[in-house]
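These notes concern the structure reproduced below.
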Amino acid sequence: MAVVRPFDKLPALNSATVLLVGSDESLQQKLAEAILKEKKSFKISIHLATSLPLPSERDHLRPRIDLIAFMIDIKSKYSSSTSLSPLDCLCFSDSLKNVEASLAHVDASFFLGKVCFLVTGVGRVNYCSVQTNAVWKLGEVYCSPVLYCELELEGIRVATAQRLLRMLQICSGQIPGISALSFGSLIRNSADE
């Protein structure tokens with residue numbers, strides 16, 4: 001089980017691979033389906049993982065990974081209740097801890113524009129705002145964009161899929177004249193304003 005490196009393999013022509021890492025497999029599946037439904041001019045591969053490290057490769061079957069999206073669910077497991085206590089907010093910190101533990105298995109060069117953090121469940125942010133600050137700081141520490149979304153809502157899921165697809169195009173070199181690093185810094189600078 002090795003560290004995931006962005007340039008271990010040569011890129012394939014007109015194809016790109018995204019790795020979705022998160023503890024909520026149903027949201028990963030919904031987002032993957034939304035990405036695949038979008039119109040695109042290149043072949044896309046989507047891999048899902050609950051955490052890193054990935055299982056060791058056999059015969060180099062795993063393709064080159066162009067973008068890693070870490071999914072952090074900030075809503076409580078008990079979100080069906082109308083009021084959440086601060087103690088309830090601790091139950092979803094497993095999602096954040098899972099991502100933090102997984103980051104140790106990612107090569108530092110991935111953080112040059114090939115990683116993003118997807119914060120899901122933002123509809124419950126009123127109840128658990130402490131965690132959004134923790135995620136924002138995580139994005140700053142790893143110099144990676146933080147995207148807030150509500151993947152249970154179809155319209156937002158489609159918009160998130162379109163945004164990830166555009167990021168994937170850039171990270172895989174499908175768009176001439178712009179690199180993942182320059183795009184990542186552009187996103188971070190626009191968020192600071």
A159 meets each of (1) modelled with pLDDT under 90; (2) surrounded by fewer than 21 Cβ atoms within 10 Å (Cβ to Cβ) with one exception, condition (1)
Quick one: D88 ticks every box in (1) at pLDDT below 80; (2) closer than 25 Å to N14 by Cβ bar one, so which box is it?
-> (2)
Among the candidates A104, A134, residue that is modelled with pLDDT under 90 and out of contact with any His (no Cβ under 9 Å at 6 or more places or on another chain) | A134
Collect the residues in segment 51-75 that are within 19 Å of the chain's Cα centre (by Cα) and at pLDDT below 75, keeping them in residue-number order.
-> R62, K75
Read through the list (1) in contact with a strand residue (DSSP E or B) (Cβ under 9 Å, 6 or more places away or on another chain); (2) modelled with pLDDT under 90, then give the number of the only condition that V115 fails.
-> (2)
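The values are calculated or read from the model by the stated rules, or taken from the named source; none is laboratory data. Here the structure is a predicted model, which is why all the values come from computation and not from measurement. Counting neighbours? That spans all protein chains shown, and the Cβs are built from the backbone with ideal geometry, glycine included.
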